[in-house]
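**Q** Before anything else, here's the structure in question.
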Amino acid sequence: MGLTGGCMCGAVRYELQSAPFDCGWCHCRSCQLSSGSPAMVFASVPNDDLIWTQGGDKVRSVVSSSFGHRDFCGECGTPFLMKVDHQPETVDFSVATLDEPGTIAPGYHIFWSAKLDWFNPSDALPRHDKFRPNTRGLEGTEPPA
Ligand SMILES: [Zn+2]
Ligand SMILES: [Zn+2]
């Protein structure tokens, strides 16, 4: 059995069928608005490896940028995941929604340029103004704005 998670109200539950990878902070404006927080932490799994085990019919989707959408609990609003067009094979889920969110640690920061002035993480992780230079699906292309 893999890692499990769910939303604040308990209506929606999910399970991961493989170990997450590429865990990192995102400080972009969409993450701030989606979460109501200074930043979010995501990690990736292959699309089919995030399984809704309860309340999948309550999951709602919203277009969140020119290149992606986000899924959240339609009952309580908890943000579950982000899907971006340049990584069609994977889904980025919100690490804080895991039942044991401390089990995965972020390894980098992206969209540092949008970080709030009063939010000052003291870690030594790499900080990238926008996407990471080696972002899957964006090699050799102009990243989406
Ligand atoms: Zn909920
Ligand atoms: Zn973001």
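Only the coordinates and a few stated rules stand behind these numbers; no lab work does. Small disclaimer: the values here were computed from a predicted structure and weren't measured. Cβ atoms come from the backbone with ideal geometry, glycine included; neighbour counts cover every protein chain shown.
**Q** Looking at Lys58, Lys115, can you tell me which residue is farther than 26 Å from Cys9 by Cα and of a type in the set (Lys, Arg)? Even if it seems obvious, please write down each step before you answer.
**A** On the way: Lys58 fails: farther than 26 Å from Cys9 by Cα.
On inspection, the qualifying residue turns out to be Lys115.
**Q** What do you reckon, is Ile110 of a type outside the set (S, T, N, Q) and under 26 Å from Gly56 (Cβ atoms)?
**A** no
**Q** Which of the residues belonging to the stretch 98-109 are within 21 Å of His27 (Cβ to Cβ) and either touching a Pro at 6+ places or on another chain (Cβ under 8 Å) or not in a strand (DSSP E or B) (or both)?
**A** As a first pass, look at the stretch 98-109 and keep what is within 21 Å of His27 (Cβ to Cβ): 98, 101-102, 104-109.
Hits for the stretch 98-109 are Pro101, Gly102, Ile104, Ala105, Pro106, Gly107, Tyr108, His109.
**Q** Could you pull out the residue among Ser44, Ser34, Ser18 that is touching a strand residue (DSSP E or B) at 6+ places or on another chain (Cβ under 8 Å), near ligand 2 (Cβ under 10 Å from one of its atoms) and touching a residue at least 12 places away in the same chain (Cβ under 8 Å)?
**A** Unique residue meeting the criteria: Ser34.
**Q** Just checking, does the stretch 52-64 include any residue being away from ligand 2 (no atom under 13 Å from the Cβ), among the aliphatic types (A, V, I, L, M) and under 20 Å from Leu3 (Cα atoms)?
**A** yes
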